[in-house]
1. Expressed in nm², what is the orientationally averaged projection area of the convex hull enclosing the Cα positions of the stretch 1-127?
2. What distance in nm lies between label points placed 7 Å from Cα along the C-beta direction at residue 110 and residue 88?
3. Need the C-alpha centroid separation for the stretch 1-67 versus the stretch 116-143, integer Å.
4. Using a Förster distance of 41 Å, how high is the FRET efficiency between residue 230 and residue 165, based on the Cβ-Cβ distance and rounded to 0.05?
5. With a cap of 13 neighbouring Cβ atoms within 10 Å, and only residues DSSP puts in a loop, list the trypsin sites (Lys or Arg not before Pro) found in the stretch 1-65.
6. Determine the gain in length on full extension of the stretch residue 142-residue 14; use 0.36 nm per residue of separation and subtract their C-alpha separation, reporting nm with one decimal.
7. Could you calculate the contour length gain from residue 217 to residue 56, that is, 0.36 nm times the residue separation minus the distance between their Cα atoms, to one decimal place in nm?
8. What ³J(HN,Hα) values, in whole Hz, does the Karplus curve 6.51 cos²θ - 1.76 cosθ + 1.60 give for the stretch 97-102 when θ = phi - 60°, with x put for Gly and Pro?
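A short reminder: the numbers here are calculations on the coordinates, not readings from a lab. In this text, all values refer to a predicted model and were calculated from it rather than measured experimentally. FYI the Cβ positions are ideal-geometry reconstructions off the backbone, even for glycines, and counts take in every protein chain you see.
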Amino acid sequence: KSAGCYDGAAVLQREIAERMLERLELVRLEPAVVVDVGCGTGVALPGLLRRYPRARLLALDLVPAMLSRARHRRHWWRRASPVCGDAEALPLADGSCDLLFSNLALPWCDLESSLKEFRRVLKPGGLLLFSTLGPDTLHELRESWRRVDDRVHVNAFFDMHDIGDALLRNGLVEPVMDTERLTLTFRRLEDLLRDVRNVGAGNATVGRPRGLTGKERLQALAHHYPRCGEEGLLPVTAEVVYGHAWGPTRVVPEKSRLGVATVPVSAIGRRQT
């Protein structure tokens, strides 16, 4: 439903994609296979193709309508291969990817399943670079709804430290995490809610209200929503979490149910004297 109106509302997604591409300038990497996981309408694809013109680029998204919109962007689509697939069950071979690039896809995925898949498809020494959202995201909207009723209206997001722990738990090495806060402003509450909906970031929590939001409750929400500046604009905070980690370059022993660690013979090297 969001594919047709996504680009008009995806201001934050485009800005973060540019910041992630800038981070790649600091990394020495010549990838043969690059995957944009959760590419949406393809906002990051031109930058990835410019940076890695010799790489094979896979544009992966769960939603066919998003890939269709990406296909009609520009001629550069001919250089990218569309893949309709789920980040929680990537349709990619083990150890097949040099770079996984994922911009704001993880908030809508099961974190553990996705990171496990990222680890599986990364080559040894391959890079995962991602952005996601932290718990302070949409805090103005969350707090304003709390003054209206006791229902859950806004998605919950993982803390940076929990994500870092999950990276290690799923076998990714040398994780580095950091955050920054970006603020968008809107003149009307209707515009704010429309843009949240148009980028597919509506409430996905268990127990969320299923009925329509009445006029009176929206008026109450507008009354409680904080305003800033002389013009009384409505602020929206995004706590952006950036992270990167690497595919391990050595064999990590796996424990069987009996508690016995097994290592293939091919991974045993000769002792240096």
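1. Convex hull of Cα atoms, orientation-averaged projection: 7.3 nm².
2. 0.5 nm
3. 14 Å
4. Efficiency, rounded to the nearest 0.05: 0.40.
5. 1, 28, 54
6. Extra length from residue 142 to residue 14 when fully extended: 43.7 nm.
7. Between residue 217 and residue 56, full extension yields 53.0 nm more.
8. So the J values, rounded to whole Hz, are 10, 8, 9, 10, 10, 9.
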